[in-house]
Structures are given as structure tokens and as C-alpha cells.
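Just so it is clear, none of the values below were taken in a lab; they were calculated from the coordinates. Being a predicted model, the structure only gives us computed values, none of them experimental. Backbone-built Cβ (ideal geometry, glycine too); neighbour counts: all protein chains shown.
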Amino acid sequence: MARVLRYESTPNPDALKLILDRAISDRPRSFLSPEDAAGDPVAEPIFASGSVRAVLVNGGWVSVNKLPEADWASLKPVCERALDALG
């Protein structure tokens, strides 16, 4: 289980950086589509929301790029559930 310590905004209003309480990856992993994310325990459930354009997992943080019409209020809980499911 990994927890979000804080969210950091970026210059792109459709991107958000999730700072975690522990490292979940020993190398960067980038996903640009649901097909790319298939089988990944973090990116696949985030893409399943249908509101995401890209996910980057790197060490103790995750960057999520949402679709312009999506809102962070509904997407943050999706991200948190995906991270909670990690062993």
C-alpha cells in the first residue's frame, strides 16, 4: 500500500504530481494509453477511469495527465485507490 502525501500542481493544469510515502518503482515507467498500461498495478486502474491521457511512475511519485474535460475531484480518489491496492 502506498499513500499520497501531497499533490503538486504543474504548469500544465491537466497534470498533477502525486508525492507518495514510499518508492513504488526502481525505474521510470511511462504509459500513454490504456493498452500501454495493461498489467501495470498502478497505471491500469488509473486509465480505467476513462479520464486519463498519460501516467508516469517514477520512484516515490506518480504524474497523471488527465483529459481536459475531466476534473481532479473525481480523479484523485481513483488514483488513491490504485495506490492503496499495492502490496
For this session: Working only within segment 37-47, note down all residues that are in contact (Cβ under 8 Å) with a residue 24 or more places away in the chain and in a loop (DSSP other than H, G, I, E, B).
Result: P41, V42
Exercise. Within segment 15-34, is there a residue that is surrounded by fewer than 17 Cβ atoms within 10 Å (Cβ to Cβ), within 12 Å of the chain's Cα centre (by Cα) and assigned to a helix (DSSP H, G or I)?
Worked result: no
Exercise. Would you say S51 is touching a strand residue (DSSP E or B) at 6+ places or on another chain (Cβ under 8 Å), small (G, A, S) and under 15 Å from R6 (Cα atoms)?
Worked result: no
Exercise. Has segment 58-71 got any residue that is in a strand (DSSP E or B) and in contact with a Pro (Cβ under 7 Å, 6 or more places away or on another chain)?
Worked result: yes
For this session: Six or more apart or on different chains, Cβ under 8 Å: which pairs go from a residue in segment 63-76 that's of a type in the set (F, W, Y) to one that's surrounded by 15 or more Cβ atoms within 10 Å (Cβ to Cβ)? Could you list them?
Result: W72/L16; W72/K66
